[in-house]
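> First, the structure itself, so that you have it in front of you.
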Amino acid sequence: MSVVVVEDLALRFGERTLFDGLDFELERGELLAVLGPNGTGKTSLIRILLGLLEPSAGRVMVEGCPPRERCHRIGYVPQQRVFDRDLVLRGRDLVRFGLDGHRWGFGRFGAEDRSRVDAVLAEVGATPYADAPVGRLSGGEQQRLRVAQALVADPVLILADEPLLSLDLAHQRGVVELLDARRESAGTPVVFVTHDVNPVLHSVDRVLYLAPPAAPQAPRSSGRASPALPATLAASSWAIGKPEEVLTSDTLSRLYGTDVDVLRVRGRIVVVGTPDDQHVHHVENGH
């Protein structure tokens with residue numbers, strides 16, 4: 001049985017449709033990268049998978065159950081946001097929320113729970129600063145703790161919403177390696193929302209690309225015949241498939257209804273020409 005099943009999913013806000021007819025399944029150990037410019041529903045999809053947002057149509061199942069019934073077994077890694085420097089919360093306290101943060105009141109925290117927190121802190125390399133106030137830690141250290149929080153309950157699914165924002169390349173690599181290690185050791189699938197696929201390109205199994213909805217079709221100005229897309233890429237505002245299928249000039253041009261060029265430079269992907277100026281996968285160090 002697939003870990004995640006998404007069937008005919010739609011999300012609308014008033015007259016605006018972000019996506020419609022979205023279908024995919026997620027198997028054990030698979031990493032699905034979710035790409036696209038702002039405003040196309042990437043974070044909303046994460047909220048649907050967490051059971052925090054009801055879709056307009058369709059359904060989502062996690063291990064055969066609605067997400068709300070599995071929320072305590074879903075690990076969540078949020079965007080990097082800096083904590084207040086005066087926050088006295090310790091690193092291990094932040095990780096503990098992954099075990100009992102969904103419960104009301106003050107539950108009993110036994111030796112087994114403490115051992116689990118210690119083990120996951122060691123797993124992500126955060127033991128040296130486990131008792132430090134989180135507000136005094138670097139952004140990379142804080143994000144390692146957030147990964148530990150997502151892993152501590154031994155999740156069946158990990159959802160990562162732009163977890164690399166504001167991190168330098170070294171810390172980006174560290175976060176990706178932590179999630180990769182869990183996939184390989186436990187077979188936990190990962191949904192990874194990002195603006196830039198390059199930091200996870202070596203790990204991605206499939207890409208879900210969300211484009212602005214209702215984009216009209218337009219031919220390539222070069223005059224080349226656009227090849228027929230696989231059935232999974234035939235939707236009007238989204239495409240899903242292997243990176244080499246989705247991240248192509250023809251596929252993205254069809255999604256956007258205008259010329260988009262996908263370049264491969266030194267093993268990295270650069271997308272040029274999307275209507276959204278911020279949606280460019282930069283080369284090398286972001287220059």
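> Taking Rh as the Kirkwood radius, which is the inverse of the mean 1/r over Cα pairs, what is the Rg/Rh value for the stretch 150-218?
Result for the stretch 150-218 is an Rg/Rh of 1.04.
> Can you list residues whose amide H is under 5 Å from Gly29's amide H, if they're 5+ apart or on another chain and H is modeled 1.01 Å from N?
It is Thr188, by chain and number.
> Give me the distance in nm between label points sitting 7 Å out from Cα along the Cα-to-Cβ direction at Arg136 and Asp259, one decimal.
Each label point is offset 7 Å from its Cα along the Cβ direction, giving 5.7 nm.
> Follow-up question, since we're still on this one. Can you give the Kirkwood hydrodynamic radius for the stretch 1-128, in Å, rounded to one decimal and based on Cα pairs?
17.3 Å is the Kirkwood radius here.
> Check Leu53: other-chain or 5+ apart residues with amide H under 5 Å from its amide H, H built from backbone geometry?
Counting only residues 5 or more places away or on other chains, the set is Ile48.
> Near the amide H of Val77, under 5 Å away, which other amide H atoms are found, from residues 5 or more places off or on another chain, if H is placed in the peptide plane?
Amide H neighbours of Val77, under 5 Å, 5+ apart: Leu159, Ala160, Asp161.
> Using θ = phi - 60° and the Karplus relation 6.51 cos²θ - 1.76 cosθ + 1.60, list the HN-Hα couplings for the stretch 248-256 in order, rounded to whole Hz, with x at every Gly or Pro.
Running phi through 6.51 cos²θ - 1.76 cosθ + 1.60 with θ = phi - 60° gives 10, 4, 5, 5, 5, 5, 5, 5, 8 Hz.
> Roughly what would the spin-label model give for Ala111 and Phe83, points 7 Å off Cα along C-beta, in nm?
Result: 2.8 nm between the two label points.
> Taking the radius of gyration and the Kirkwood hydrodynamic radius from Cα positions alone, what is the Rg/Rh ratio for the stretch 79-192, to two decimal places?
Radius of gyration relative to Kirkwood radius: 0.95.
> Could you tell me the largest-minus-smallest coordinate of the C-alpha atoms of the stretch 25-76 on each of the three principal axes, in descending order and whole angstroms?
Principal-axis extents of the Cα atoms in the stretch 25-76, largest first: 30, 27, 20 Å.
> I'd like the Karplus ³J(HN,Hα) series for the stretch 190-199: coefficients 6.51, -1.76, 1.60, θ = phi - 60°, whole numbers in Hz, and an x wherever there's a Gly or Pro.
10, 9, 10, 7, 7, 7, 10, 6, 4, x
> Need one word for the stretch 126-176: rounded, prolate or oblate. Basis is the Cα gyration tensor (sqrt eigenvalues a ≥ b ≥ c); a/c below 1.5 gives rounded, then a/b vs b/c decides. Don't jump to the answer; show the numbers that get you there.
Working: a/c = 2.09, a/b = 1.13, b/c = 1.85.
The shape class here is oblate.
> Tell me, in nm to one decimal, what length is gained between Ala57 and Asp93 on full extension, where the rule is 0.36 nm per residue of separation less the Cα-Cα distance? All intermediate terms of the calculation are to be shown ahead of the outcome.
On the way: separation 36, 0.36 × 36 = 12.96 nm, distance 3.81 nm.
Difference between extended and current length: 9.1 nm.
> Apply the Karplus curve 6.51 cos²θ - 1.76 cosθ + 1.60, θ = phi - 60°, to the phi angles in the stretch 8-18 and return the couplings in whole Hz, x for Gly and Pro.
Karplus values, whole Hz, x for Gly and Pro: 6, 6, 9, 9, 10, 10, x, 8, 8, 9, 7.
> Just to be sure I understand the model, the point goes 7 Å from the Cα along the line to the Cβ. What's the resulting Arg12 to Thr127 distance in nm?
5.5 nm
Values in this text are rule-based calculations from the coordinates and carry no lab data. Given the structure is predicted, the values throughout are model-derived calculations rather than measurements. Reconstructed Cβ throughout: ideal geometry from the backbone, glycine too, with neighbour counts over all protein chains shown.
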